[in-house]
Amino acid sequence: MIRINLLPVRQIKKRIKARQEMIALAAGFLLLLGVISLVGLRQSTHLTDLQSEITRLTQEKQQYQKIIAQIEKIKKEQAVIETKLAAIKRLKFASQLPSRILDEISNLTPPDRMWLTALDYTNNVLTMAGTALDNATIAEYMNKIALSDLFLGAELKNSSLFLIGNLKLKSFSMTINALAPASPAPVAPAPGVKK
C-alpha cells in the first residue's frame, strides 16, 4: 500500500526555519538592547560621577578664589610700593647730584690761583663766573673739567683783564655741561601685574 503524505513538508520546514530566524533575530535584538542598556547605564553613572566632580571642583575653586584675590591685591600693593621706592631712589639720586657737582668743582678749582664769584646749576648746565691770576690758570682749569667724570666740557664765554691795586687779574665766565651719572634703574613691576 502506498501512503501519500499530504502534509506540506517543505512549508513546515520553511515555517520552522522562519520561526528559528525570528527567534534568533529577537534574541539578537534583545541582546543588543541589553548591551545598549548596560552602556547607557554605565555612561549615566559616569556622567553622574563627572557632575559630582564638577560640583566639588567648583566649590574648591570658590575657596581658592578668595586666596587668588588676596594674592592679586598683594601684587598690586607690591607694584605700588616698588614704584614709590623707585621714585624715592630717583629723588635721592637727584638730590645728591648737585652736591657731587659742587664737590667736584671745589676739588678742581686751584685755591691759590682762582676764585669763583658766581655759580648757577640748571638743567645739567653749570654757569660760573670768577677771577683767576692769568689765562693759563683758566685754560688749565678748563682741561681739568674736561677730564672729569661729571662734566662733558667747559666753554669760555668771556675773559677780561682788570686791576686790583698793582695786580692784573682775569675776570671770566664759562658754562659747563654736566654729565649726570647713570641714574638708578627703575624697578620693574611684578609679573602679571598691570599698572
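The values are calculated or read from the model by the stated rules, or taken from the named source; none is laboratory data. The structure displayed is predicted, hence computed values, not measured ones. Because the Cβ atoms are built from the backbone with ideal geometry, glycine has one as well, and the counts that use them run over all protein chains shown.
Tabulated results
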| quantity | calculated |
| --- | --- |
| Any chance LYS170 is among the basic types (Lys, Arg) and modelled with pLDDT of 85 or more | yes |
| Neighbours by Cβ (under 7 Å, 6+ apart or cross-chain): first from the stretch 151-172, under 18 Å from ALA129 (Cβ atoms); second among the aromatic types (Phe, Trp, Tyr) and modelled with pLDDT of 85 or more | LEU156/PHE172; ASN158/PHE172; SER159/PHE172; LEU169/PHE162; SER171/PHE162 |
| Pick from the stretch 92-128, criterion in a helix (DSSP H, G or I) and aliphatic (A, V, I, L, M), ranking: farthest from LEU152 (Cα to Cα) | ALA94 |
| Any hit, the stretch 82-91, residues being surrounded by 11 or more Cβ atoms within 10 Å (Cβ to Cβ) and in contact with a strand residue (DSSP E or B) (Cβ under 9 Å, 6 or more places away or on another chain) | no |
| Residues that are of a type in the set (A, V, I, L, M, F, W, C) and either surrounded by 10 or more Cβ atoms within 10 Å (Cβ to Cβ) or at pLDDT 95 or above (or both), drawn from the stretch 41-70 | LEU41, LEU47, LEU50, ILE54, LEU57, ILE68, ALA69 |
| Residue match in the stretch 92-112 (condition: under 24 Å from the mean Cα position of the chain (by Cα), small (Gly, Ala, Ser) and on the phi < 0 side of the Ramachandran plot) | no |
| Pair list, Cβ < 8 Å and 6+ apart or interchain, from the stretch 122-150 residues that are closer than 19 Å to LEU167 by Cβ to residues that are surrounded by fewer than 13 Cβ atoms within 10 Å (Cβ to Cβ) | ALA129/THR117; ALA129/ALA118; GLY130/THR117; GLY130/ALA118; THR131/THR117 |
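This table checks each residue for (1) part of a strand (DSSP E or B); (2) touching a residue at least 40 places away in the same chain (Cβ under 8 Å); (3) under 30 Å from LEU152 (Cα atoms); (4) more than 34 Å from the chain's Cα centre (by Cα).
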{"residue": "LEU41", "(1), (2), (3), (4)": "no, no, no, yes"}
{"residue": "SER44", "(1), (2), (3), (4)": "no, no, no, yes"}
{"residue": "ILE71", "(1), (2), (3), (4)": "no, no, no, no"}
{"residue": "ILE74", "(1), (2), (3), (4)": "no, no, no, no"}
{"residue": "ALA86", "(1), (2), (3), (4)": "no, yes, yes, no"}
